[in-house]
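Engineer: Starting off with a structure, shown below.
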Amino acid sequence: MSFLVLQGLTKHYAAARATDAIDLVVARGSRTSIVGPSGSGKSTLMRLIAGFEAPDAGTIRLDGTVLAEGGISMPAHRRGIGIVVQDGALFPHLSVAENVAFGLPPRDAGRAARVRDLMAMVDLDISLLDRRPDQISGGQQQRVALARALAPNPRLLLLDEPFSALDTALRISTRKAVIALLAATGVTALLVTHDQAEALSFADQVAVMHKGRLAQVGPPHRLYRQPVDRMVAEFLGEAIILSAVIEGRAATSILGPLAVAEGHPSGRAEVMLRPEQVRVHVLSAEAGVHGAGVFGRVMEMEFAGASCAMVVEVPGGAPAAPARRIALQRSSMDALPVGTQVQISVAGEAHVFG
Ligand SMILES: Nc1ncnc2c1ncn2[C@@H]1O[C@H](COP(=O)(O)OP(=O)(O)OP(=O)(O)O)[C@@H](O)[C@H]1O
Ligand SMILES: [Mg+2]
């Protein structure tokens with residue numbers, strides 16, 4: 001069910017390899033998130049797919065049709081692809097209604113009704129229809145851009161940071177509305193985002209981009225739990241990376257013996273835990289000692305509303321080895337004062353970097 005297929009897609013600018021031999025397959029009706037550091041080539045990739053740029057090498061196929069190959073590139077307006085770019089890019093001299101209707105056939109009798117439906121879909125009040133883009137807010141402009149991209153019923157929707165100008169609550173509600181809209185219409189979508197949680201929650205497939213290449217592509221859960229390397233691990237969330245000695249299904253580390261999947265060669269390796277795997281228990285006379293966990297001490301505690309960021313120091317393991325500080329997140333209801341003596345246990349398996 002491959003719908004969009006990219007093979008060896010390459011675009012070089014004078015000073016930068018913006019995309020470098022990208023291979024990617026996107027299933028029909030699915031959602032893919034693309035994440036990566038600034039300058040890693042995400043927008044370039046979107047522009048190549050949309051047809052605003054021609055690749056230097058490689059192929060783009062959509063639903064069996066070649067869009068670009070060997071220097072031949074189908075013009076953007078014939079591709080049936082909707083795009084919402086980073087800054088919205090509305091036509092400044094057109095009203096909101098004219099912007100939304102831009103891609104619709106000019107003499108379509110249902111045009112006005114379609115514009116109203118689209119405004120409702122993106123949760124915009126129709127009282128805005130006669131305003132110009134500079135007379136509405138940044139968040140409203142992004143939603144007008146989304147409505148404009150959806151108007152001609154695109155086969156593929158490209159979203160380049162479409163929610164970045166929205167505040168947290170509006171961002172979450174708009175994202176949910178877009179997911180529902182995509183599911184209802186069966187439109188295939190690619191989303192570029194800087195927001196890790198957004199990338200993981202939006203998509204069936206996540207692609208991590210780094211220096212013009214795709215470092216790893218796969219289901220969100222797999223990329224989060226089993227990243228191929230440290231860069232991917234740290235890009236998708238907080239990661240606790242420890243050196244360990246693997247033997248069978250155990251990794252001996254500064255946090256004691258950790259369970260690992262079978263099949264890893266014995267010897268030294270780097271392992272990764274996500275902070276939510278690390279449980280902290282307060283040591284007290286009543287509570288007693290919890291299983292085999294190592295002991296530590298709370299060194300920092302920072303309140304951040306629902307959660308708090310905590311730093312726990314654990315001793316270095318071997319004699320004279322330096323102590324290690326580990327950053328953890330907790331519910332702020334479970335905040336602990338600096339200096340509290342704790343014991344640490346680990347839930348689930350540590351991931352071994354290959
Ligand atoms: N038109 C251009 N001319 C020359 N270099 C370009 C051009 N567009 C992009 N680049 C370069 O290509 C690289 C990739 O840029 P791109 O805009 O694709 O990155 P990005 O991943 O979208 O970054 P951001 O997260 O900051 O939006 C960068 O080094 C950038 O400077
Ligand atoms: Mg970009």
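The values are calculated or read from the model by the stated rules, or taken from the named source; none is laboratory data. Just so it is clear, the model here is predicted, and its values are computed rather than measured. Positions of Cβ are generated from backbone atoms using ideal geometry, with glycine treated the same way; all protein chains shown enter the neighbour counts. Calculation scope for accessible area: heavy atoms of the full protein, side chains included, ligands and nucleic acids excluded. Shrake-Rupley method; radii C 1.70, N 1.55, O 1.52, S 1.80 Å.
Engineer: I need the full set of residues from segment 175-195 which are more than 16 Å from ligand 2 (Cβ to nearest atom) and not aliphatic (A, V, I, L, M), in order please.
Structural biologist: Answer for segment 175-195, where residues must be more than 16 Å from ligand 2 (Cβ to nearest atom) and not aliphatic (A, V, I, L, M): Arg175, Lys176, Thr185, Gly186, Thr188.
Engineer: Being modelled with pLDDT of 90 or more and either more than 16 Å from ligand 2 (Cβ to nearest atom) or not assigned by TED's automatic domain parsing to the domain that holds Ile83 (or both): is that true of Pro219 here?
Structural biologist: Judged against the criteria, Pro219 is a match.
Engineer: Sort out which residues of segment 205-252 are touching a residue at least 60 places away in the same chain (Cβ under 8 Å) and open to solvent by 80 Å² or more (accessible area, probe 1.4 Å), and write them in order of number.
Structural biologist: Lys211, Arg213, Arg225, Gln226, Arg230, Glu238
Engineer: Just to be sure I understand the filter: pairs with C-beta atoms under 6 Å, separated by 6 or more residues or on different chains, first member in segment 15-26 and β-branched (Val, Ile, Thr), second member open to solvent by 50 Å² or more (accessible area, probe 1.4 Å). Which pairs pass?
Structural biologist: Filtered contacts from segment 15-26: Val25/Ser2.
Engineer: Now a separate question. Being among the charged types (D, E, K, R), open to solvent by 20 Å² or more (accessible area, probe 1.4 Å) and either away from ligand 2 (no atom under 13 Å from the Cβ) or touching a residue at least 12 places away in the same chain (Cβ under 8 Å) (or both) is the filter here; which residues of segment 28-56 pass it? Break it down into steps so the answer makes sense when it comes.
Structural biologist: Going residue by residue through segment 28-56, those that are among the charged types (D, E, K, R) are 28, 31, 42, 47, 53, 56.
Filter once more, so that each one left must be open to solvent by 20 Å² or more (accessible area, probe 1.4 Å): 28, 31, 47, 53, 56.
Within segment 28-56, Arg28, Arg31, Glu53, Asp56 qualify.
Engineer: While we're looking at this one, here's another question. Considering only segment 140-174, how many residues are within 16 Å of ligand 2 (Cβ to nearest atom) and open to solvent by less than 40 Å² (accessible area, probe 1.4 Å)?
Structural biologist: 8
Engineer: I need the full set of residues from segment 18-59 which are part of a strand (DSSP E or B) and within 8 Å of ligand 1 (Cβ to nearest atom), in order please.
Structural biologist: From segment 18-59, those part of a strand (DSSP E or B) are 18-27, 31-35, 57-59; that's our starting set.
Ala18, Thr19 - these are the residues of segment 18-59 that are part of a strand (DSSP E or B) and within 8 Å of ligand 1 (Cβ to nearest atom).
Engineer: Restricting the first residue to segment 57-83 and requiring it to be assigned by TED's automatic domain parsing to the domain that holds Gly103 and open to solvent by less than 60 Å² (accessible area, probe 1.4 Å), which pairs with a second residue that is of a type in the set (A, V, I, L, M) and part of a loop (DSSP other than H, G, I, E, B) meet a Cβ separation below 7 Å and a spacing of at least six or different chains?
Structural biologist: Leu67/Met74; Ala68/Ala54; Ala68/Met74; Ser73/Ala54
Engineer: Name the one entry in Ala203, Ala184 that is within 19 Å of Ile81 (Cα to Cα) and out of contact with any strand residue (DSSP E or B) (no Cβ under 7 Å at 6 or more places or on another chain).
Structural biologist: The match here is Ala184.
Engineer: Does segment 186-198 include one or more residues that are at pLDDT below 95, open to solvent by less than 50 Å² (accessible area, probe 1.4 Å), in contact with a Leu (Cβ under 6 Å, 6 or more places away or on another chain) and assigned to a loop (DSSP other than H, G, I, E, B)?
Structural biologist: yes
Engineer: Moving on to the next point. Checking the condition over 27 Å from Arg17 (Cβ atoms) and either over 11 Å from the mean Cα position of the chain (by Cα) or not small (Gly, Ala, Ser) (or both), which residue from Ala251, Ala197, Ala233 passes? Full working, then the answer.
Structural biologist: Working: Ala197 fails: either over 11 Å from the mean Cα position of the chain (by Cα) or not small (Gly, Ala, Ser) (or both); Ala233 fails: over 27 Å from Arg17 (Cβ atoms).
None of the others qualify; the one that does is Ala251.
Each row is one residue, and each column tells you yes or no for (1) without any contact (Cβ under 8 Å) to a residue 24 or more places away in the chain; (2) touching a Ser or Thr at 6+ places or on another chain (Cβ under 6 Å); (3) under 19 Å from Ala251 (Cβ atoms).
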{"residue": "Val298", "(1), (2), (3)": "no, yes, no"}
{"residue": "Gly305", "(1), (2), (3)": "no, no, no"}
{"residue": "Val314", "(1), (2), (3)": "no, no, yes"}
{"residue": "Gln341", "(1), (2), (3)": "no, no, no"}
{"residue": "Ile344", "(1), (2), (3)": "no, no, yes"}
{"residue": "His351", "(1), (2), (3)": "no, no, yes"}
{"residue": "Gly354", "(1), (2), (3)": "no, no, yes"}
